[in-house]
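Novice: The structure is given below, and queries will be raised subsequently.
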Amino acid sequence: MTSQKTGSAEGRETAAWAPRLLGVGGIVLRYSLVLFLVLFGALKWTSKEAHDIESWVVNSPFISWVHHLFGVQGGSEFIGVIELTIGAMIAARRWSPRTSALGSLGAAVMFLTTLSFLFTTPDVGDAEGFLMKDLTLFGAALWTAGEALSAAGEDDAGSHLSRSHRSGAQPAVL
């Protein structure tokens, strides 16, 4: 009997860590995604980065128009603006979960596009490993989108409850 009590107490102690780890892990995941987008977005203004991504862009059926419209450096900077904007949107989670969710969904589309370079760029070579990280980033973007949408729904429910309370109506049971 004593071992059962000890086991259940240990289980409760272990379970108590889960919300903390989920919270810290979510913060690290979201803001490392933001950091990644901001750093790589800012790099797009360098000549080296513009030339490094050129073969991916020109061979992509999805974004080759960027190269044709803006050229090598202009196209790189255009992509940089998109990355910086998406990063800022994801970072806005505290103030606007919906904006953050849209940014995360934009990031997911962006990472799918960069993963497509594995199939659209002839002789992708050594860049294959670099591009494969985008699979993990795609997952991070989907998770942060889901979490932000969940928070936006809670905000909507909370504002509905507070409006109902002010009007004297009974709040709905959620």
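Novice: Measure off 7 Å from each Cα along the Cα-to-Cβ vector at Thr85 and Leu115, then give the distance between these two points in nanometres to one decimal.
Specialist: That separation, rounded to one decimal, is 2.3 nm.
Novice: Can you match mean projected area of the Cα convex hull in nm² to one of these, [x] 12.3; [y] 17.4; [z] 16.1, based on a calculation from the structure here?
Specialist: [z]
Novice: Highest mean first, what order results for 83-89, 127-133, 43-49, 95-101 on Cβ atoms within 10 Å?
Specialist: 83-89, 95-101, 43-49, 127-133
Novice: Could you state the angle between the C-alpha long axis of helix 97-120 and the longest principal axis of the C-alpha atoms of the chain, as a value from 0 to 90 degrees rounded to the nearest 10?
Specialist: For 97-120 against the chain, the angle is about 40 degrees.
Novice: Based on the Cβ-Cβ distance of Ser96 and Ala16, what FRET efficiency does E = 1/(1 + (r/R0)^6) give at R0 = 30 Å, to the nearest 0.05?
Specialist: After rounding, the FRET efficiency stands at 0.45.
Novice: A further question on this structure: What length, rounded to one decimal in nm, is gained on full extension from Leu135 through to Ser55, with 0.36 nm per residue of separation minus their alpha-carbon distance?
Specialist: Residue separation times 0.36 nm, minus the Cα-Cα distance, leaves 26.8 nm.
Novice: For Leu142, put the label point 7 Å out on the Cα→Cβ axis and report which residues of the range 92-116 keep their amide N under 19 Å from it.
Specialist: The answer is 101-116.
Novice: About the Cα centre, and with charges only on the beta carbon of Lys, Arg (+1) and Asp, Glu (-1), how big is the dipole of the chain? Nearest 20 debye, please.
Specialist: With Lys and Arg at +1 and Asp and Glu at -1, about 880 debye.
Novice: Do you know the relative contact order of the range 20-146, to the nearest whole percent, from alpha carbon pairs under 8 angstrom that are 6+ apart?
Specialist: Over the range 20-146, the number comes to 28 percent.
Novice: Describe numerically, in nm with one decimal, the distance between label points set 7 Å from Cα along Cα→Cβ at His68 and at Ala9.
Specialist: Distance between the two pseudo-spin positions: 7.2 nm.
Novice: Calculate for the chain the 222 nm mean residue ellipticity that helices alone would give, adding -39,500 (n - 2.57) per DSSP H run of length 4 or more and normalising by residue count, nearest 500 deg cm²/dmol.
Specialist: -30500 deg cm²/dmol
Novice: On a 0 to 90° scale, report how tilted helix 47-59 is relative to the longest principal axis of the chain, with both axes built from alpha carbons and the result rounded to the nearest 10.
Specialist: 90 degrees
FYI, it's all coordinate maths here, none of it is from the lab. What you are looking at is a predicted structure, and each value in this text was computed from that prediction instead of being measured. Every residue, glycine as well, gets a Cβ built from its backbone with ideal geometry; the counts of neighbours run over all protein chains shown.
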